[in-house]
1. Within the chain, what whole-number % of the accessible surface is contributed by carbon and sulfur, with the 1.4 Å probe and all protein chains included in the calculation?
2. Specify whether the C-alpha gyration tensor of the stretch 83-177 places it in the rounded, prolate or oblate class, a ≥ b ≥ c being the square roots of the eigenvalues: rounded for a/c under 1.5, otherwise prolate if a/b is larger than b/c and oblate if not.
3. Are there trypsin sites (Lys or Arg not before Pro) in the stretch 8-94 that DSSP puts in a loop and that have at most 11 other Cβ atoms within 10 Å, and which ones?
4. Using a probe radius of 1.4 Å on heavy atoms only, what accessible surface per residue do you get for the chain? Whole Å² is fine.
5. Report, in debye and to the nearest 20, how large the dipole of the stretch 64-177 comes out about its Cα centre when Lys and Arg carry +1 and Asp and Glu carry -1 on their Cβ.
6. Is it possible to state the helix-based mean residue ellipticity at 222 nm for the chain, with each DSSP H run of 4+ residues giving -39500 (n - 2.57), the sum divided by total residues, to the nearest 500 deg cm²/dmol? What is it?
7. Eight or more residues apart or on different chains, and alpha-carbon atoms under 23 Å: count the Lys pairs in the chain matching that.
8. Can you bin the stretch 1-82 into rounded, prolate or oblate? Criterion: square roots of the alpha carbon gyration tensor eigenvalues sorted a ≥ b ≥ c, rounded for a/c under 1.5, prolate for a/b above b/c, oblate for the rest.
Amino acid sequence: GDAKEDGQGLWAAYNNKLETNPILTKALTSMIGFTLGDILAQNFVEKKGEYDIMRTIRLASFGFLIHGTTGHWFYGKLDKAIPGTGAMQVFSKVGIDQVLWNPIFGVMFFSYMGFTNGDGPAAVAAKVKRDLMTQVTGSWTVWPIAHAINFRFIPTSQRLLYINTIQVGTVQYSTVQ
């Protein structure tokens with residue numbers, strides 16, 4: 001088939017997998033997003049010389065094990081608790097995402113990255129204490145607008161794919177910090 005048909009076939013296959021195996025599909029989507037974000041960060045933003053493959057593996061595994069699975073759960077629960085795409089629903093979802101989920105996500109991210117890097121509990125706790133507020137407030141430059149679009153226009157099943165397209169850029173930011 002031509003490229004248009006192939007693209008439509010790929011999109012249809014992806015949507016089919018979202019229906020038949022949503023958690024694995026979203027976990028793999030997040031793994032790819034975090035992997036691409038770190039590859040871009042290391043090669044084009046940081047340019048430190050030697051590529052840190054272990055960091056990419058840690059980020060990829062975070063995407064697979066934590067981001068995709070917890071994102072599936074959180075956004076599914078959020079959409080069930082606050083159905084609809086009107087202004088009040090979107091505003092409420094963005095607020096809950098940014099005030100509640102954002103810091104929880106930050107703690108998960110810093111903890112996972114620290115522990116998989118061999119850091120002990122005290123070092124991880126110090127990292128969270130030192131950097132969490134910077135991560136949360138820094139994300140406010142991107143995510144409120146991104147999520148307003150997300151909650152208004154993106155179907156629940158597609159949320160993590162959309163988030164992962166934005167995440168590629170924010171991984172670059174968070175890995176440099």
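1. Carbon with sulfur: 69 percent of the solvent-accessible area.
2. Here the stretch 83-177 falls in the prolate category.
3. Here the sparse-neighbourhood loop sites are Lys47, Lys48.
4. 55
5. Dipole about the Cα centre, nearest 20: 160 debye.
6. Rounded to the nearest 500, the figure is -24500 deg cm²/dmol.
7. Close lysine pairs found across the chain: 10.
8. Taking the square roots of the gyration eigenvalues as a ≥ b ≥ c, the stretch 1-82 is oblate.
The values are calculated or read from the model by the stated rules, or taken from the named source; none is laboratory data. Remember, predicted model here, so these are calculated numbers, not experimental data. Every residue, glycine as well, gets a Cβ built from its backbone with ideal geometry; the counts of neighbours run over all protein chains shown. Just the protein is used for accessible areas: all its heavy atoms, side chains included, with ligands, DNA and RNA removed. Shrake-Rupley method; radii C 1.70, N 1.55, O 1.52, S 1.80 Å.
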